[in-house]
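Down below is the structure, laid out as structure tokens.
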Amino acid sequence: AMGIVDLLDYLPENHAKRGEIISILQRLSEALIQYQDPATGLWYQVVDQGARAGNYLEASASCMFAYAFARGASRNYLHQKFLAIAEKAFKGVVKEFVTVDEDSLVSLHQTCQSAGLGGTPYRDGSYEYYVGEPRRTNDFKGIGPFIFAALELNL
């Protein structure tokens, strides 16, 4: 979602596939909001398995979706309803995942260390693999999207 919305800033307005790419972003965004946790505004590590044992709310994806939705709405690639969805997600990130210590150091928790596919015997794509990956604090895959979302939302 982040990659698509950022790509559109560089893709010429008259590019033959621009409309198709915007359509992909729109369909992806509509699909993702079906899985947004209503209580927190966040997304689970395995997005469509929120109620499944072992799954957890994850920071980097939630930040990435908040950024993509906010930027997509501000650029009119997405319906304006996505701005409110992005704001709810970002506020959920701050409430659930951000701490500030006694020295005013801000930390972002609950970012999946790494997840991918391939290799033997690991990265088999199973549910157990995805929820079993270690979680990190202040991982750049979460921090970058968190900052981008904050800037895009002006929060």
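Mind listing the phi-derived Karplus ³J(HN,Hα) values for the range 145-155, rounded to whole Hz, using 6.51, -1.76 and 1.60 with θ = phi - 60°, and x for any glycine or proline?
x, 4, 5, 4, 5, 4, 5, 5, 8, 6, 10
Mind pulling up the Rg/Rh value for the chain? Radius of gyration and Kirkwood radius, both on Cα.
Ratio of gyration radius to Kirkwood radius: 0.99.
Ordered by residue, what ³J(HN,Hα) values in Hz, to whole numbers, does the range 17-34 give under the Karplus form 6.51 cos²θ - 1.76 cosθ + 1.60, where θ = phi - 60° and Gly and Pro are x?
The phi angles translate into 9, 4, x, 5, 5, 4, 4, 4, 4, 5, 5, 4, 5, 4, 5, 5, 5, 5 Hz.
For Ile21 and Gln49, calculate 0.36 nm times their separation in residues minus their Cα-Cα distance, and state this gained length in nm to one decimal.
Result: 7.4 nm gained on full extension.
In whole percent, and with a 1.4 Å probe on the protein chains, what portion of the accessible area of the range 83-150 is carbon and sulfur?
Here carbon and sulfur together make up 57 percent of the probe-accessible area.
Based on the Cβ-Cβ distance of Ser114 and Glu13, what FRET efficiency does E = 1/(1 + (r/R0)^6) give at R0 = 35 Å, to the nearest 0.05?
0.45
With label points built 7 Å along Cα→Cβ from the Cα atoms of Thr137 and Thr99, find their separation and express it in nm.
0.4 nm
Relative contact order for the range 1-107: what percent, with Cα pairs under 8 Å and sequence separation of 6 or more?
23 percent
Counting only residues 5 or more places away or on other chains, whose amide H sits under 5 Å from the amide H of Gln110 once H atoms are built in the peptide plane?
Residues meeting the criterion, in which the H sits 1.01 Å from N, are Arg136.
So, with +1 on the Cβ of K and R and -1 on the Cβ of D and E, and no other charges, what is the size of the charge dipole of the range 42-155 about its Cα centre, to the nearest 20 debye?
The dipole of the range 42-155 has a size of about 420 debye.
Once the cut-off is 21 Å, how many percent of the Cα-Cα pairs in the range 24-99 end up in the long-distance tail?
21 percent
Could you order the peptides 24-31, 54-61, 106-113 from most to least packed, using the average number of other C-beta atoms within 10 Å per residue?
Per-residue Cβ counts within 10 Å, averaged per peptide and sorted highest first, yield 54-61, 106-113, 24-31.
Rounded to the nearest 500 deg cm²/dmol, what is the calculated helix-only ellipticity per residue at 222 nm for the chain, with -39500 (n - 2.57) per DSSP H run of length n ≥ 4?
Mean residue ellipticity at 222 nm (helix-derived): -16000 deg cm²/dmol.
Across the range 1-144, how many lysine pairs, 8 or more positions apart or on different chains, have C-alpha atoms separated by under 24 Å? Please give the number.
5
The values are calculated or read from the model by the stated rules, or taken from the named source; none is laboratory data. What you see is a predicted model, and the numbers here were worked out from it, not measured in a lab. Counting neighbours? That spans all protein chains shown, and the Cβs are built from the backbone with ideal geometry, glycine included. Keep in mind that these areas ignore ligands, DNA and RNA; they rest on the heavy atoms of the full protein, side chains included. Shrake-Rupley method; radii C 1.70, N 1.55, O 1.52, S 1.80 Å.
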